[in-house]
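The values are calculated or read from the model by the stated rules, or taken from the named source; none is laboratory data. Note that this is a predicted model, so its numbers are computed, not measured. Don't worry about glycine lacking a Cβ; one is built from the backbone with ideal geometry, like all the others, and counts go over all protein chains shown. Surface accessibility is based on the protein's heavy atoms, side chains included, excluding ligands, DNA and RNA. Shrake-Rupley method; radii C 1.70, N 1.55, O 1.52, S 1.80 Å.
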Amino acid sequence: MYKRVELSALGGPEVLRIVTEASLPEPAPGQVRVRVLSAGTGFTDTIIRQGQYPGVKDKPPFTLGYDWFGVVDKLGAGVSSVELGQCVADMPVIGGYSQYLCVAADQLVAAPSGLDPAEAVCMILSYTTAYQMLTREVHLQRGQRCLVHAAGGAVGSALLELGALLGLEMIGTGSQAKKALIEGFGAQFIDYRNESVSERVAQLAPGGVDAVFDTLGGQSWSMSYHCLRKGGRLVAFGALQLTTGQETVPQLLLGFSKLLLLWRLLPDGKSSSFYNIQTRRKRYPKDFKEDLSALFQLLADGKLHPAIAERASLDDIVEIHRRLDSGDIAGKVVLDCTR
């Protein structure tokens, strides 16, 4: 017997429900069964729940959950690449909100033993997104300046910590409620609700920043682009304001046209791109495994300290999604799937 969270229909948090299965799933040949220790929650899960995530075509009912961390519980026929009891992780996009699941063995990323499961799951979506944007999307030198929007969130705080580890000077936007978290990672704080972000950036980084990481949407991307110095790069990686109702689809599409076409034609020395972790993983699966493995090792070495807002249980999922929708979570809420 085990529990999982099922998305019964597309909609608000109320469409999530706990399902109790009478028997454990059995791995097919080439698969392993995993006992899930922790699953991440985040803004991307809410987009999938609402039916706005382009990478998920599945129709409800299905199990939600973008990433998970666990231990191998049973081997399917023909599996020799992993061992029973080994710590492993994956980023399936859906399926992670469960106490047990079966997955293809070749999808797994091995992890060192002894990691805190809640901290470990933060490395998968949030920290790998941040790490790849900082090291593969841009090429930065120690001392250069970066602007991070929504810096108090799971990916934003990961960008701040990794940026500091790389010797970068980080500037983070957020609400007053997240000021302490942002400054706790050594970043300079901008209160986007009560200050002009562009004016504050001009004060903190005369001439502009070297990189901007913007998950907000088309309207914000225009402002972010103008915060760059010559030679700087804007990396967009989300459209938060579309799902919160602060931006319309036409506004977002206009933002994409600027990001991926118009700005590339301007002779201003700046550049822009859009990053999606799942798209990049499909194209460069070896990079994903290498980067996540590197992050697990940094965590094991005590060099990373992810901002965990709460360790909740599967039974708390409706309330967690209500809080995710409101945007008031500082850091990441992690599900302890053993409870």
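Yes/no matrix, rows are residues, columns are (1) among the small types (G, A, S); (2) on the phi < 0 side of the Ramachandran plot; (3) open to solvent by 30 Å² or more (accessible area, probe 1.4 Å); (4) assigned to a loop (DSSP other than H, G, I, E, B):
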| position | (1), (2), (3), (4) |
| --- | --- |
| V5 | no, yes, no, no |
| I18 | no, yes, yes, no |
| A28 | yes, yes, yes, yes |
| I47 | no, yes, no, no |
| S81 | yes, yes, yes, yes |
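Is it true that some residue in segment 156-175 is loosely packed, with under 15 Cβ neighbours inside 10 Å and without any contact (Cβ under 8 Å) to a residue 24 or more places away in the chain? Yes, segment 156-175 contains a residue that is loosely packed, with under 15 Cβ neighbours inside 10 Å and without any contact (Cβ under 8 Å) to a residue 24 or more places away in the chain. Among the residues making up segment 272-295, those that are assigned to a strand (DSSP E or B) and open to solvent by less than 40 Å² (accessible area, probe 1.4 Å) are S272, S273. Look at (1) more than 23 Å from G232 (Cα to Cα); (2) surrounded by fewer than 22 Cβ atoms within 10 Å (Cβ to Cβ) and you find that P206 fails only one, number (1).
What single numbered condition from (1) of a type outside the set (S, T, Y); (2) under 23 Å from L292 (Cα atoms); (3) at pLDDT 95 or above; (4) not in a strand (DSSP E or B) fails to hold for A77? Single failed check for A77: (2).
Before we move on, is G95 touching a residue at least 24 places away in the same chain (Cβ under 8 Å), assigned to a loop (DSSP other than H, G, I, E, B) and crowded, with 20+ Cβ neighbours inside 10 Å? Answer is yes for this residue.
Evaluated against (1) at pLDDT 95 or above; (2) crowded, with 24+ Cβ neighbours inside 10 Å, G153 falls short on exactly one condition, (1). Across segment 116-146, the number of residues qualifying as part of a loop (DSSP other than H, G, I, E, B) and either closer than 28 Å to A28 by Cβ or small (G, A, S) (or both) comes to 1. For residues that are in contact with a Gly (Cβ under 6 Å, 6 or more places away or on another chain), part of a helix (DSSP H, G or I) and crowded, with 23+ Cβ neighbours inside 10 Å, tally how many sit in segment 176-203. Of the residues in that region, 2 qualify. Of the residues making up segment 103-114, those that are part of a loop (DSSP other than H, G, I, E, B) and surrounded by 19 or more Cβ atoms within 10 Å (Cβ to Cβ) are L108, A111. Output yes when any residue across segment 233-244 is outside any loop (DSSP other than H, G, I, E, B), over 22 Å from the mean Cα position of the chain (by Cα) and modelled with pLDDT under 80, and no when none is. No: zero hits. Considering K57, K74, the condition of being of a type in the set (D, E, K, R), in contact with a Pro (Cβ under 7 Å, 6 or more places away or on another chain) and open to solvent by 20 Å² or more (accessible area, probe 1.4 Å) is satisfied by K74 alone.
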